[in-house]
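Here the structure is laid out as structure tokens; the discussion comes afterwards.
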Amino acid sequence: MAPLRTIVVAAVFCVAACSGDKTPQLTAKDAAPPAPADAGASAPPAQTSVLFRNVRIFNGVDPTLQAATDVLVRGNRIATIGKSDVNFAEPGMTIIDGGGRTLMPGLIDMHWHTLAVRPSIAVALQASTGYLNLMAGAEASDTLQRGFTTVRDVGGASFGLKRAIDEGWQAGPRIYPSGAIISVTGGHGDFRSPEELPRTLGSADSRMETMGDTAIADTPDEVRTRVREQLMRGASQIKLTAGGGVSSPHSPLDVVTFTPEEVRAAVQGANNWGTYVTAHAYTPAAIKQAVEAGVQCIEHGNLMDEETAQLLANRGVWLSIQPLPEELLRAFPPDSEEYAKGREVLTGTDRAYQLAKKYHLKTAFGTDVLFSAALARRQGELLASLTKWYTPAEALIMATSTNAQLLGLSGKRNPYPGRLGVVEAGAFADLLLVEGDPLSDIRIITRPQENFRVIVKNGRIYKNTIK
């Protein structure tokens with residue numbers, strides 16, 4: 001951007017000089033974009049500090065609530081936890097009387113597709129980039145209002161929306177972007193029609209590739225190129241499709257897509273940048289090849305067996321699995337191959353969670369909502385559904401501090417270096433003030449509109465219904 005800005009400023013000076021002495025002389029400051037105005041929920045005014053009084057803390061780590069106390073936020077960090085001696089509001093301070101309510105970390109969704117949540121499949125495949133980004137922006141604002149202050153985007157061109165959120169132009173969660181899903185020809189992530197074949201190696205002629213949502217690679221060298229492209233764009237981690245998928249039109253579930261050499265090329269490329277590869281894989285064969293090639297996180301894993309679970313445990317590999325609901329199948333016609341593949345995946349989910357518990361796998365929570373605004377509104381319900389396998393405390397710890405540990409694998413590519421998912425001094429101030437005790441009744445989080453009384457992200461208040 002620096003060279004472009006220099007050109008713009010130079011052009012402004014040239015126009016001023018060529019127009020005579022009566023033309024106002026502009027400066028570089030005049031050529032810069034204006035600071036975002038106060039736009040209500042879209043861009044709330046920054047506070048210098050927020051003081052929560054009389055709150056019981058779920059810190060994201062311990063399975064019980066702490067005794068009532070105060071929490072002081074200064075800037076975008078939690079400054080102190082403990083009884084405060086502040087008796088009146090300082091300039092720029094907001095004081096919130098918690099009334100014994102629960103203060104907890106913002107929630108984290110580790111499997112999110114920012115641009116593919118709200119549109120239908122047809123719209124996602126046909127609409128313009130501008131339209132999809134505007135739709136994703138509206139969904140991002142709603143995601144934040146559901147209490148999810150961070151998402152890990154595991155496939156899609158979310159860089160522009162992330163920037164708008166980070167700069168304060170758009171309300172939304174923190175986004176850890178993967179950039180384009182890297183796939184092989186015919187793999188999960190290849191949405192071309194057979195009429196678009198053959199492809200030229202190194203080209204990006206298909207619509208999904210041009211938009212930056214997928215990247216096709218069929219040799220180790222191509223994989224390296226695609227990985228480097230995503231890192232150049234700002235990816236915090238790399239996403240590969242190591243096996244077949246549900247929504248993709250050409251990849252059966254049982255196929256193993258990349259070769260070991262191709263996966264190793266991706267891992268080397270990511271590791272050279274200090275980050276990691278996460279791989280979409282359902283079956284034992286796809287999971288095993290990915291892990292043996294150095295992949296540090298498996299997405300889904302619904303069809304894994306005992307041997308696969310033991311491998312993940314022995315290698316310390318993360319499992320990012322989702323409690324996929326029956327409603328997810330409604331995105332596909334009942335007589336379609338995609339519907340049948342989705343049914344097979346859903347059937348394996350219970351056993352996969354049982355294996356994750358049995359082998360004490362490092363397990364992350366995500367939702368993988370696709371093509372359904374209605375299901376996205378139930379994001380909290382999907383988290384609460386983990387109580388089929390975990391206690392409410394275990395589920396909420398997973399969706400806060402545990403998920404934050406996985407985010408930390410991004411190393412120096414972490415776009416938000418600092419502590420997330422905890423209520424601790426020095427951590428980022430991503431906080432929810434909750435009506436009731438979600439550790440006793442996790443159903444509280446399924447009604448965010450009424451039960452999330454205050455939502456703070458990065459020290460900014462995005463919702464406050466405490467009078």
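Arg174 meets all of the listed conditions (1) touching a Phe, Trp or Tyr at 6+ places or on another chain (Cβ under 7 Å); (2) of a type in the set (Lys, Arg); (3) at pLDDT below 95 but one, namely (3). Scanning region 142-162 for residues that are small (Gly, Ala, Ser), in contact with a Leu (Cβ under 7 Å, 6 or more places away or on another chain) and either open to solvent by 10 Å² or more (accessible area, probe 1.4 Å) or more than 14 Å from Ala376 (Cα to Cα) (or both) yields Gly156, Ala157, Ser158. Checking the stated criteria, Gly411 turns out not to satisfy the condition of being at pLDDT 95 or above and under 15 Å from the mean Cα position of the chain (by Cα). The single condition among (1) out of contact with any His (no Cβ under 8 Å at 6 or more places or on another chain); (2) of a type in the set (D, E, K, R); (3) surrounded by 22 or more Cβ atoms within 10 Å (Cβ to Cβ) that Lys357 does not meet is (3). Among the residues of region 228-240, the one identified as closer than 30 Å to Leu328 by Cα, without any contact (Cβ under 8 Å) to a residue 60 or more places away in the chain and among the aliphatic types (A, V, I, L, M) is Leu240.
Residues are listed down the side, and each one gets a yes or a no for (1) in contact with a helix residue (DSSP H, G or I) (Cβ under 9 Å, 6 or more places away or on another chain); (2) in contact (Cβ under 8 Å) with a residue 60 or more places away in the chain:
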{"residue": "Leu361", "(1), (2)": "yes, no"}
{"residue": "Leu370", "(1), (2)": "yes, yes"}
{"residue": "Ala384", "(1), (2)": "yes, yes"}
{"residue": "Tyr390", "(1), (2)": "yes, no"}
{"residue": "Ala425", "(1), (2)": "no, yes"}
{"residue": "Ser440", "(1), (2)": "yes, no"}
{"residue": "Ile444", "(1), (2)": "yes, no"}
{"residue": "Tyr462", "(1), (2)": "yes, yes"}
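In region 100-141, the qualifying residues are those that are part of a loop (DSSP other than H, G, I, E, B), open to solvent by 20 Å² or more (accessible area, probe 1.4 Å) and at pLDDT 95 or above, and the one that is nearest to Ser84 (Cα to Cα) is Gly100. Against the list (1) touching an Asp or Glu at 6+ places or on another chain (Cβ under 9 Å); (2) hydroxyl-bearing (Ser, Thr, Tyr); (3) at pLDDT 95 or above, the condition Ser206 fails is (3). When Arg343 is tested against (1) open to solvent by 10 Å² or more (accessible area, probe 1.4 Å); (2) modelled with pLDDT of 95 or more; (3) touching a Leu at 6+ places or on another chain (Cβ under 9 Å), just one condition goes unmet, and that condition is (2). Contact map, region 266-290: first residue closer than 15 Å to Ser320 by Cβ, second residue buried (at least 23 other Cβ atoms within 10 Å of the Cβ) and charged (D, E, K, R), Cβ cut-off under 6 Å, separation 6 or more or different chains; pairs are Thr278/Lys239; Thr278/Glu299; His280/Glu299. The strands (runs of 3 or more DSSP E) found entirely in region 8-87 that carry 2 or more residues being open to solvent by 40 Å² or more (accessible area, probe 1.4 Å), closer than 20 Å to Ile466 by Cα and modelled with pLDDT of 50 or more are 49-57.
What residue, among those in region 241-261 that are assigned to a loop (DSSP other than H, G, I, E, B) and free of Cβ contacts under 8 Å to residues at least 60 places away in the same chain, is surrounded by the fewest Cβ atoms within 10 Å (Cβ to Cβ)? Selected residue: Asp254.
Scanning region 371-420 for residues that are of a type in the set (Phe, Trp, Tyr) and surrounded by fewer than 18 Cβ atoms within 10 Å (Cβ to Cβ) yields a single hit, Trp389. Checking region 265-288 against the condition returns a match, with at least one residue being closer than 28 Å to Leu383 by Cβ, over 25 Å from the mean Cα position of the chain (by Cα), at pLDDT 90 or above and not β-branched (Val, Ile, Thr). Of all the residues in region 310-357, those that are among the basic types (Lys, Arg), touching a helix residue (DSSP H, G or I) at 6+ places or on another chain (Cβ under 9 Å) and farther than 23 Å from Thr402 by Cβ number 2. Quick check: is even one residue across region 353-367 under 30 Å from Arg146 (Cα atoms) and modelled with pLDDT under 95? Scanning region 353-367 turns up no residue that is under 30 Å from Arg146 (Cα atoms) and modelled with pLDDT under 95. Of all the numbered requirements in (1) within 21 Å of Asn59 (Cα to Cα); (2) hydrophobic (A, V, I, L, M, F, W, C); (3) in contact with an Asp or Glu (Cβ under 9 Å, 6 or more places away or on another chain); (4) outside any loop (DSSP other than H, G, I, E, B), Leu375 misses one, and that requirement is (1).
The values are calculated or read from the model by the stated rules, or taken from the named source; none is laboratory data. Predicted, not measured: the structure shown is a model, and the values here were computed from it. Methodologically, a virtual Cβ is constructed for each residue, glycine included, from the backbone with ideal geometry; neighbour enumeration extends over all protein chains shown. Just the protein is used for accessible areas: all its heavy atoms, side chains included, with ligands, DNA and RNA removed. Shrake-Rupley method; radii C 1.70, N 1.55, O 1.52, S 1.80 Å.
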